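Following: one structure in structure tokens, then a few remarks.
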Amino acid sequence: MARQDRGDQERDSEFVDKLVHINRVAKVVKGGRRFSFAALVVVGDQRGRVGFGHGKAREVPEAMRKATEAAKRSLIRVPLREGRTLHHDIEGRHGAGKVILRAAAPGTGIIAGGPMRAVFEALGVQDVVAKSLGTSNPYNMVRATFAALKREVSPRYVAAKRSKKVSEILARRSDASSEPGLTAE
């Protein structure tokens, strides 16, 4: 049993968790108001796996613990180019939240607003440009970012699906970006 606990601790230590938002919620009861806290947490291994979770409890640390456990249960894998940026530009939506994620050149850094920045830091992305349109609600922004990241595909996957070589897929990318006069619209 102790050996299994040690394995769980090692697995947990590889994850970084980022607190995105804490909300104090009140329930009105006969004697007055009863306060509890809701926490939104993003968890990632900084190597392409990331998840988010929501937890509610009477105390903040307990809410964060519950949210972290929920986040570890909902991990997704995102393919990254050179382990530092996205393979292509993508959009994601959730409710009134819309996000646009764009791959960036080395040295750009993470150009993104609060909740999205936490997702990218936990994911291990170093260069990305992101814009949030619509809502500024952190829950919807995180869910829209995850909706976009789930649509991210690697050239290897596209090549396998089309029965082509990875070099053919990547050659088209470099041809399109090197031709003068072409703009992404």
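Observations
- The chain: most fluctuating residue of 167, 132, 36 per GNM, C-alpha cutoff 10 Å: 167
- Above-threshold pairs, the threshold being 25 Å between Cα atoms, out of 72/164; 27/66; 18/150; 27/150; 30/66: 72/164; 27/150; 30/66
- Ordering 156-165, 81-90 by mean Cβ neighbour count within 10 Å, with the highest value first, yields 81-90, 156-165.
- Region 16-30 - phi-based ³J(HN,Hα) in whole Hz, Karplus 6.51/-1.76/1.60, Gly and Pro as x: 10, 10, 10, 7, 8, 7, 10, 10, 8, 10, 10, 10, 7, 10, 3
- Highest average packing first - 55-62, 142-149, Cβ atoms within 10 Å: 142-149, 55-62
- Inter-part distance, region 138-158 to region 67-107, computed on C-alpha centroids, equals 5 Å.
- A Förster distance of 45 Å, applied to the separation of the beta-carbon atoms of residue 111 and residue 165, puts the FRET efficiency at 0.85.
Bear in mind that the values in this text are calculations on the coordinates, not laboratory data. Since the model is a prediction, treat every value here as computed from it, not as a measurement. Cβ atoms come from the backbone with ideal geometry, glycine included; neighbour counts cover every protein chain shown.
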